[in-house]
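Here's the structure we're looking at; comments come further down.
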Amino acid sequence: MDLRTSRRALLGGTLAIGAAACSNIFAAPAHADIASSKDAWERARYIQAKARAPKFRSQEFSIVDYGALEGGEQICTEAIAAAIDACSEAGGGKVVVPAGTFLTGPIHLKSYVNLHVSEGATLLFSTTPTDYLPAVLTRFEGMELYNYSPLIYAYGCTNIAVTGSGVLDGQADNEHWWPWKGKKDYGWVEGAPEQGPARDRLIQQVADEVPVEQRLYGADQGAGNDYLRSSFIQPYNCTNVWIQGVTIHRSPMWEVHPVLCTNVLVDGLTIDTHGPNNDGCDPECCSFVVIQNTTFATGDDCIAIKAGRNNDGRRPDSLPCTDLLVQRCQMADGHGGVTIGSEMSGGVRNVFVRDCEMSSPNLDIALRFKTNAVRGGFINDIWAKNLTIGTVAKAVIDVDFKYEEGHNGEFPPDVSGINVENMTVTNAKQSLNIEGYDDDHIRGLGLTNVDFGTTQKAPHVLYVDDIVLNNVTENGAPLTVDMFA
């Protein structure tokens, strides 16, 4: 891809798909306030109907037939790419990774291709950063740039999938990828490369509205010192995405990170990776997303719903993240079970969470919302029910307006309509830690049939309007609004 090509030209081939998807979104009653629990869960059923697995032709293309060698020693990037090309040229189907261990660099999917990682198969991903060049259009912490390719990437595709019961192993550890975070806990030592200078430069470019095609990163791009890690699986500006069944280990950064996608189904994954910023599933600026039947044990948030950071989230060609359903998932280790933010400048609306279990002494917060007055954005209409929470280390529900930059910005966030019903908790440090700004209140907190179990610290609720508590208990006693500051 010629990096001198304008972003407008790059998007040209896919804007028609995106526009059609957007017209469908806005034609549906997605953006009206959801007035009742009944209306909310009717909306959830509609989301589930929209985000279905795409269908593929029955023909199969084994990567072995295109030169891939089992054993994990010879890199198979070209062979896998050849199998994908052949599958795409034949009208689509299944590209099969058979049982065995295969070493590869980045895998770029094409429309109508299902990458199937069979039982007993492991894809080992190279730990050589230059294998992930040339740079591609991607996002780092909600900011758009050209950077190392994600390990599995698709751009502007329709009907794509990664399926199977095999293993995707990014091979990140305290010697590869993770030290770039710049933390000694992940192998960084004084004087070693780290992401700080490049991250600061990118934040400034976003603030200065530098055109995306000029934001060049990676070892052979930009001004050097570019140590920004990539996501594991990233479909970008795609429609009808299905990720099913696989196990993900040792990611450089975020695991499943769809960006600007419509109709995404994430189903039955096992995500077990404990590196820095190892979020499990981070849909960003997407619409109609279902995340279900998935087990998370992560080094950061299990699920984090995002919508771009700062000016990149507020640009006309960005989108809010709307209409998401999380169901029948299990969350163990992580900073948050289901999180919204902190990159949410474009806004998040209509999120539904049901029938999930969360528990671990290493799980900080069950339901986490984080923003500030620099990132701004909105969080509207959040509905959760039938949640079983065992142990969380901090608060069960946390709304944090003080995250990083805090109040010092020009974009006060808009948070309203957080509703939780039928939730039981065994023990937590605190039930609620919710605070808006004195000049920017959170509006609408509804809790129904909630037992916060045993807590050690009194709830903190400040600058929150329109609180409704119905059969809410903590430490065996009723919790009432007049207990709050």
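Just so you know, all these numbers are worked out from the coordinates, no wet-lab data involved. Values in this document were obtained by computation on a predicted structure and should not be read as measured data. Using ideal geometry, Cβ is built from the backbone for each residue, glycine included, and neighbour counts are taken over all protein chains shown.
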Practice task
Positive end of the charge dipole of the chain (Lys, Arg +1 and Asp, Glu -1 on Cβ, about the Cα centre): tell me which of TYR437, ALA192, ALA135 has its Cα farthest that way.
Solution key: ALA135
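Taking the Cβ of each residue in ARG354, ARG215 as the centre, tally the other Cβ atoms inside 10 Å and list the residues starting with the fewest. Let's see the in-between values first.
Working: ARG354 19, ARG215 24.
Ordered from fewest to most neighbouring Cβ atoms within 10 Å, ARG354, ARG215 come out as ARG354, ARG215.
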Completion exercise
the chain: antiparallel bridges as % of DSSP beta bridges, rounded to 5, reads 5 percent
Handout entry: Angle in degrees between helix 196-207 and the longest Cα principal axis of the chain, rounded to the nearest 10
Key = 70 degrees
Completion exercise
Taking the alpha-carbon centre of each part, the distance from the stretch 454-480 to the stretch 92-146 in Å is 46 Å
Exercise for the section: Determine, from the Cβ-Cβ distance of GLU78 and GLU119 and an R0 of 35 Å, the FRET efficiency 1/(1 + (r/R0)^6), rounded to the nearest 0.05. Expected result: 0.90
Completion exercise
The long-range amide H neighbours of ILE434, using H built 1.01 Å from N in the peptide plane and a cut-off of under 5 Å, are VAL399, HIS460, VAL461, LEU462
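Over all directions, what mean area does the Cα convex hull of the stretch 57-176 project, stated in square nanometres?
Values: hull surface 31.0 nm².
Quarter of the Cα hull surface area: 7.8 nm².
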Handout entry: Potential lengthening between ASP173 and THR127 on full extension [0.36 nm per residue; Cα-Cα distance subtracted]
Key = 15.6 nm
Completion exercise
Summing -39500 (n - 2.57) over every DSSP H run of at least 4 in the chain, dividing by its residue total and rounding to the nearest 500, the 222 nm mean residue ellipticity is -4000 deg cm²/dmol
Problem - Crossing angle, helix 37-50 versus the chain [Cα axis fit, 0-90 degrees, rounded to tens] - result: 0 degrees
Problem - Virtual spin-label span in nm between SER58 and ASN475, 7 Å along Cα→Cβ - result: 6.5 nm
Completion exercise
To the nearest 20 debye, the stretch 175-258 has a Cα-centred charge dipole, built from +1 on Lys and Arg Cβ and -1 on Asp and Glu Cβ, of 240 debye
Exercise for the section: Provide, in order from the shortest bin, the percent of all Cα-Cα pairs of the stretch 201-323 in each 5 Å bin, continuing until the bin that contains the maximum pair distance. Expected result: 2, 11, 19, 20, 20, 15, 9, 4, 0
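Which order do the peptides 59-65, 232-238, 466-472, 277-283 take when ranked by the mean count of other beta-carbon atoms within 10 Å per residue, highest first?
Details: 59-65: 17.4, 232-238: 25.9, 466-472: 14.4, 277-283: 27.4.
Descending mean neighbour count gives 277-283, 232-238, 59-65, 466-472.
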Handout entry: Residue-by-residue Karplus 3J(HN,Hα) for the stretch 251-256, coefficients 6.51, -1.76, 1.60, Hz, glycine and proline x
Key = 8, x, 8, 5, 8, 10
Fill in the blank from the handout: In debye to the nearest 20, the charge dipole size for the chain, taken about the Cα centre with +1 at each Lys and Arg Cβ and -1 at each Asp and Glu Cβ, equals 900 debye
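When the chain is fully extended, how far beyond the present Cα-Cα distance does LEU216 get from SER36, taking 0.36 nm per residue of separation? Before the final figure, lay out each step's value.
Numbers: separation 180, 0.36 × 180 = 64.80 nm, distance 4.68 nm.
Difference between extended and current length: 60.1 nm.
Tell me, what does the Kirkwood hydrodynamic radius of the chain come to in angstroms if you use every pair of distinct C-alpha atoms?
Working: mean 1/r = 0.0440 Å⁻¹.
Averaging 1/r across every pair of different Cα atoms and inverting gives 22.7 Å.
How big is Rg to Rh over the stretch 243-298, alpha-carbon atoms, Rh as the Kirkwood inverse-mean-distance radius?
On the way: Rg = 10.8 Å, Rh = 11.3 Å.
A ratio of 0.95.
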Practice task
If a/c stays under 1.5 just call it rounded; otherwise compare a/b with b/c (prolate if a/b is bigger, oblate if not). Do that for the stretch 301-395, with a ≥ b ≥ c from the square roots of the Cα gyration tensor eigenvalues.
Solution key: prolate
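Based on Cβ point charges of +1 for Lys and Arg and -1 for Asp and Glu, what charge dipole magnitude is obtained for the stretch 21-173 about its Cα centre, in debye rounded to the nearest 20? Can you show the working numbers first?
Details: 10 positive and 16 negative charges, 174 e Å.
Charge dipole, the stretch 21-173, about its Cα centre: 840 debye, nearest 20.
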